[in-house]
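S.K.: First the structure, then my questions, so here it is.
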Amino acid sequence: MLKQAGTRMYKFIDIGANLCDGMYQGEYHGSKKHAPDLDAVLARATHAGLEKIIVTGTSLQESREAVQLARANKQLYCTVGCHPTRCGEFTAQGSTPEEYLAQLLQLIQDGCCTADGKRAVVVAVGECGLDYARLNFCDADTQKTYFEQQLTLAEVSGLPLFLHCRDAAADLISILTPWRDRVAGGVVHSFDGTKQELADILDLDLYVGINGCSLRTEENLAVAASVPLERLLLETDSPWCEVKATHAGYRHVKTHFADIRKKEKWQPGAMVKGRNEPACIVQVLEALAGAREEDPQVVAQAAFDNAIKLFFSAAR
């Protein structure tokens with residue numbers, strides 16, 4: 001399945017994987033290219049050392065799908081929330097913003113319930129935050145309004161936040177600061193900001209999620225290398241944010257997968273070219289550890305322990 005420089009394996013928690021995306025059903029831009037292969041994706045993840053995967057919810061409907069998916073697989077957990085680029089849904093679903101928020105809260109409460117032998121599967125509120133790089137999908141004022149409303153979900157539920165931030169760090173920090181003692185922390189995922197933005201995030205006691213998009217440039221590498229181990233989390237953001245050959249971090253990658261095919265020529269058991277998946281988290285680890293000049297095992301263990309502490313600690 002893969003070619004790996006060493007024989008040492010790691011254990012991982014992928015804190016952000018969009019497994020409800022149609023690509024895992026073989027659908028790309030509305031066109032069916034191959035049979036659903038999520039089961040094979042999850043099998044490869046297990047083989048690669050993924051002990052847990054957190055499926056990202058980015059809307060009410062997708063959060064419902066994420067809960068359902070997590071209920072069906074003990075390896076999976078999920079978040080519930082509305083992505084900033086989709087905050088228009090608060091007023092575009094045939095219901096009021098209050099009703100949309102209430103439905104998110106109900107889904108969170110149901111997903112945290114352990115009654116009737118059910119396993120708690122919802123571990124965070126999100127993906128929520130701000131995205132000023134794609135204002136064509138939702139304007140900044142609407143994003144800020146419904147980001148703040150979702151913070152109430154974290155306060156009520158006691159769950160941490162799974163945060164999105166693109167070109168909006170100043171406003172994100174400004175909004176979060178008054179909530180610091182009202183929510184149970186969280187992570188700014190897919191972080192690709194500056195050292196000053198990193199410092200501001202760390203000042204709020206937040207964690208930092210690193211994936212392929214965090215390792216694109218030399219500046220990205222330098223910032224990622226400066227994240228304290230005790231605040232570091234690993235993710236893939238599958239099916240996006242792979243560590244590409246054009247990325248600065250790619251030179252540190254040692255694990256390469258053997259059977260990768262274009263989606264039009266896919267065969268059972270093969271990975272899909274250009275479609276990221278949780279098993280590829282090992283490449284994120286290698287790129288990051290290389291940039292930090294640290295033992296990958298140390299980095300992997302720290303990220304694993306941090307994920308347990310933030311999302312799965314019984315003491316939370």
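S.K.: What is the sum of charges around residue 219, taking Lys and Arg as +1, Asp and Glu as -1, for the other residues whose C-beta is under 13 Å from the C-beta of residue 219?
M.R.: Once all neighbours under 13 Å are counted, the net charge is -1.
S.K.: Shifting gears a bit: Can you give the Kirkwood hydrodynamic radius of the stretch 191-256 from its Cα pairs, in Å with one decimal?
M.R.: Roughly 12.2 Å, rounded to one decimal.
S.K.: Need one number: nm distance between label points at residue 199 and residue 27, each 7 Å from Cα along Cα→Cβ, rounded to one decimal.
M.R.: So the two model labels end up 4.7 nm from each other.
S.K.: Okay, moving on. If you find the alpha carbon centre of the stretch 187-219 and of the stretch 49-119, how far apart are they in angstrom?
M.R.: The stretch 187-219 and the stretch 49-119 have Cα centres separated by 25 Å.
S.K.: Report the local net charge at residue 239: Lys and Arg +1, Asp and Glu -1, summed over other residues whose C-beta lies under 14 Å from its C-beta.
M.R.: Working: positive: 33, 44, 244, 263, 273, 275; negative: 14, 21, 27, 37, 62, 235, 237, 242, 277.
Surrounding charge for residue 239 is -3.
S.K.: While we're here: Only counting other Cβ atoms within 10 Å, I'd like 47, 34, 189, 164 sorted with the fewest neighbours first.
M.R.: In increasing order of surrounding Cβ atoms, one gets 47, 34, 164, 189.
S.K.: Identify, among 108, 146, 46, the residue whose Cα sits farthest towards the positive end of the charge dipole of the stretch 1-154, taking +1 on the Cβ of Lys and Arg and -1 on the Cβ of Asp and Glu, with the dipole about the Cα centre.
M.R.: Projecting each Cα onto the dipole axis, the largest value belongs to 46.
S.K.: Which entries in the list 11/74; 11/262; 32/262 go over 19 Å, if you measure between the two C-alpha atoms of each?
M.R.: 11/262
S.K.: Same structure again: Provide 179, 266 in ascending order of the number of other Cβ atoms located within 10 Å of each residue's Cβ, fewest first.
M.R.: Fewest to most other Cβ atoms nearby, the residues stand as 179, 266.
S.K.: Additional query: What value, in deg cm²/dmol to 500, does the helix sum -39500 (n - 2.57) over DSSP H runs of n ≥ 4 give at 222 nm once divided by the residues of the chain? Could the numbers behind the result be given before it?
M.R.: Working: 9 runs with 109 residues, N = 316.
-10500 deg cm²/dmol, from helical runs alone.
S.K.: Something else now. What is the sum of charges around residue 202, taking Lys and Arg as +1, Asp and Glu as -1, for the other residues whose C-beta is under 11 Å from the C-beta of residue 202?
M.R.: So the environment of residue 202 carries a net charge of -3.
S.K.: May I pose another question? Relative to the Cα centre, what is the charge dipole magnitude of the stretch 9-80, using +1 at the beta carbon of each Lys and Arg, -1 at the beta carbon of each Asp and Glu, and rounding to the nearest 20 debye?
M.R.: In debye, rounded to 20, the stretch 9-80 gives about 140.
S.K.: Please get the size of the charge dipole for the chain, origin at its Cα centre, with Cβ charges of +1 on Lys and Arg and -1 on Asp and Glu, quoted in debye to the nearest 20.
M.R.: 1260
S.K.: Expressed in nm², what is the orientationally averaged projection area of the convex hull enclosing the Cα positions of the stretch 35-166?
M.R.: Here the figure is 9.4 nm², rounded to one decimal.
S.K.: Then there's this: Using the number of other C-beta atoms within 10 angstrom as an exposure proxy, rank 53, 260, 201 with the fewest first.
M.R.: By the 10 Å Cβ count, ascending: 260, 201, 53.
S.K.: Output the antiparallel fraction of DSSP beta bridges having both residues in the chain, as a percent to the nearest 5.
M.R.: Details: 4 of 31 bridges.
Given both bridge residues lie in the chain, the antiparallel proportion sits at roughly 15 percent.
The numbers here are math on the coordinates, done by the rules we state, and not lab data. Values in this document were obtained by computation on a predicted structure and should not be read as measured data. Here Cβ is always computed from backbone atoms with ideal geometry, including for glycine, and neighbour counts include all displayed protein chains.
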